[in-house]
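Asker: Below: one structure in structure tokens.
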Amino acid sequence: MTKSKNFFLNLFKPFNFNSKREGQTEEDLDKIAAQEQKHFTFDTLASATKDFHPTHKLGEGGFGPVYRGKLNDGRDIAVKKLSHSSNQGKKEFMNEAKLLARVQHRNVVNLLGYCTHGMEKLLVYEYVSNESLDKLLFKSNKREQLDWKRRYDIITGIARGLLYLHEDSHNCIIHRDIKASNILLDDKWVPKIADFGMARLFPEDQTHVNTRVAGTNGYMAPEYVMHGHLSVKADVFSFGVLVLELITGQRNSTFNQSLEAQNLLEWAYKLHKKDRSLEIMDSTLASSAAIDQVKMCIHIGLLCTQGDPQLRPNMRRVVILLSKRPGNLEEPSRPGVPGSRYRRSRRPPGMTSTGGTSGDCDSRTFNSSSNSNTATASTSAATASTSTATVSTSIPSKPKSDPRGKRPMGS
């Protein structure tokens, strides 16, 4: 067996892929390594990037730099190169390789292959021509390029990508860092979820794993930040934040608090309760907005960001709601924010927040066991580096209640 095939198979050693759906065996992985031809030579990538010339550099994160290149067959690529000095980056790099090696979906960035050459380790992706979503959404001189139809299509595409990761991929994958800078837009404005350095895969023979709490401020679900409880509903929360950011054109993390609300979620919730939800809409959408769709998306965004994770819909229900004009949606409860408490609501008979099969991984949670606070930087294949805040906590078997309703977070 060649070194490249060995590398490919070693990516999967920590996982058990005895999926009833696919029936893949270890022997099948040997065939995949040979058939998919995912290995690139270092010389090929050096030639494609002009020896990793600085003018081809797209950005840099905790793992190392990202370069744009062009293969001899004409394909544009983005190459992630692992920094020799980055221990955290090595973990994220290997994690991304493991998770994306068998993932294929229109709304997930496509891993074309990998390269190992001595100390060098590189991942090769499709190059996504447009900028990341944050570079357009949060800049006033570019926001007008995102009319309502494009924003609605972006919302729908991200929802479908998350549904695939949660329920339809080989195993349940929780991304953990859904945010505007990790959404790439191709030349047809199709959104692609990128940067899987902090994602987690759940093997079917395990009900939970232990790991640190990691994510980006403003997008992390409160039960995850405060208690380390992670499930697919954490991604749902991040998606809800992103939906409201797409509608308002404002970042939740830098929200203008002069609007009588502590954050974007609270502002949207207060106006929704007064039947004035359209007041949060970005003014550049005035001429293109489909009012009923905007109101529905605000409602969905608020359902996804509810404080109680059990009340949040799963992504299958979100996709269904976005694909048709729903009837009367249940009223959302107050949005969750780190430090807040929620009282578990009793659903009226016949009402459900999932509206369909949630997948085996929906109820799986895992708790943080790390004792140190760290900072993680991550970047997507076509973006400059973006800072990612990471907090860690340890969870006792019976958590003591905090009289202030929150836990201190490291800076």
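The values are calculated or read from the model by the stated rules, or taken from the named source; none is laboratory data. Note that the structure is predicted; figures quoted are calculated from it, not measured. Heads up, the Cβs are rebuilt from the backbone with ideal geometry, glycines too, and the neighbour counts pull from every protein chain shown. When the accessible area is computed, the model is the full protein with side chains, heavy atoms only, and any ligands, DNA or RNA have been set aside. Shrake-Rupley method; radii C 1.70, N 1.55, O 1.52, S 1.80 Å.
Asker: How would you order 151-161, 268-278, 106-116 from highest to lowest mean count of nearby Cβ atoms within 10 Å?
Answerer: Result, highest mean first: 151-161, 106-116, 268-278.
Asker: Given a 1.4 Å probe and every protein chain left where it sits, what share in percent of the accessible area of the range 46-147 is carbon and sulfur? Let's see the in-between values first.
Answerer: Numbers: 2010 of 4630 Å².
Of all accessible area on the range 46-147, carbon and sulfur atoms account for 43 percent.
Asker: With the other protein chains left in place, how much accessible area per residue, in square angstrom, belongs to the range 76-199 at a 1.4 angstrom probe? Working shown, then result.
Answerer: Working: 4090 Å² over 124 residues.
Spelled out: the 1.4 Å probe surface of the range 76-199, per residue, equals 33 Å².
Asker: In whole Hz, with x marking every Gly and Pro, tabulate ³J(HN,Hα) for the range 265-270 from phi via Karplus 6.51 cos²θ - 1.76 cosθ + 1.60, θ = phi - 60°.
Answerer: Result, ordered by residue: 5, 5, 4, 4, 5, 4 Hz.
Asker: What residues have an amide H closer than 5 Å to that of VAL128, excluding those fewer than 5 places away on the same chain, when H is modeled at 1.01 Å from N in the peptide plane?
Answerer: Answer set, sorted by chain and number: none.
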